[in-house]
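Taking it in order: structure first as structure tokens, then the write-up.
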Amino acid sequence: MLKHKNDEIILILTFLLLVSNLFWLMSQKKVKECKTTSSGKKNVQIFLLAGQSNMAGRGGVIRKIVGGNVTKVWNGFVPKECKPNRKIIRFNVAQIWEEAHEPLNYGIDCLASCGLGPGMAFANEILKKDTNFGVIGLVPCARGGTSLYKWIRGSYAYDELVKRAKFSEKDGGIIRGLLWYHGESDVKGGNGFKDYKINLEKFIHDLRSDLNSPNLPILQVVLPYPKKPFKGPYIEEVRAAQLAINISNVIKIDAKGLEIGPDGIHLTTTAQVQLGHMFADAFFSLNNFTSSNTYKFL
């Protein structure tokens, strides 16, 4: 028998979340049709989405009291820029392509607390700008609360990113780029900020090597300034490290000025949509790209 009623409530909530996750995975529409090449392979334009909780998506996540306990849940609001599209598919936690919809990172590192990220807005904007772009395959791999040290080669987060990336290609398609939003943990403290630039450069080189894609485009977010109550004493050091990255086909996207929610660190739904559009603009700039380019919110 459980000694405390709160323990019972937490156990029940955990069970319900696990059950809802199972039903969510079972209920998704599988991709029935996708154009194939002459070799019979699917022709999917694949994008990897990795980093921390802002890439996983916390847009629209609110605090709610359930059974006397405070929990975080998504409010369910999906703006038109993030609506499903038959040309956008998602590589789910079971490594199966399915119709993509919000919350995109569901099951990867979060359940009820998953909200909107930039992925769907990015994909819809790509298709809006180029109606002949083809089917977009999104591969969510973000994990909240992970310092950059947890993304080094051999770590769980890194190895899962590589594994999911390779599996997503096995039936055809090509990886067109990585959308990367990271740094929130390293601005808080510890020693991560000291070697952030060196470790980020190593991450980029290792990933390109392991995916056998030496020129893989990396669309890298430069952190916005947090606000209270979030404490990020090393924000200047991490931003400077991110801005100093000078590697071919790495485009920096400065999120400074995007709206931040009441927790002081996570982007709002509106800001996530804006960021998705910034990602799309950055991707289409690749033909006219120089390593000094930094996209900013205007």
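The values are calculated or read from the model by the stated rules, or taken from the named source; none is laboratory data. A quick note: this is a predicted structure, and the numbers were derived from the prediction, not measured. Note that we place each Cβ from the backbone using ideal geometry, even for glycine, and neighbour counts take in every protein chain shown. When the accessible area is computed, the model is the full protein with side chains, heavy atoms only, and any ligands, DNA or RNA have been set aside. Shrake-Rupley method; radii C 1.70, N 1.55, O 1.52, S 1.80 Å.
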Would you mind calculating the gained length between Leu243 and Asn191 on full extension (0.36 nm times residue separation, minus the Cα-Cα distance), in nm to one decimal? 16.8 nm
Protection proxy (average C-beta count within 10 Å per residue), highest first, orders 215-228, 155-168 as 215-228, 155-168
Identify all aspartates and glutamates with a Cα-Cα distance to Lys197 below 12 Å; exclude those on the same chain that are fewer than 8 residues away in sequence. Asp186, Glu237
Dipole magnitude of region 165-298 about its Cα centre (Cβ charges: Lys, Arg +1; Asp, Glu -1), debye to nearest 20: 180
For region 257-262, Karplus-derived ³J(HN,Hα) couplings (6.51, -1.76, 1.60; θ = phi - 60°; whole Hz; x for glycine and proline) come out as x, 5, 5, 10, x, x
Using a 1.4 angstrom probe on the protein heavy atoms only, line up Tyr149, Tyr196 by accessible area, largest first. Tyr149, Tyr196
Find the centroid of the Cα atoms in region 152-188 and in region 265-287, then give the distance between the two in whole Å. 18
Heavy-atom accessible area of region 90-184 with neighbours in place, 1.4 angstrom probe: carbon+sulfur share in percent works out to 51
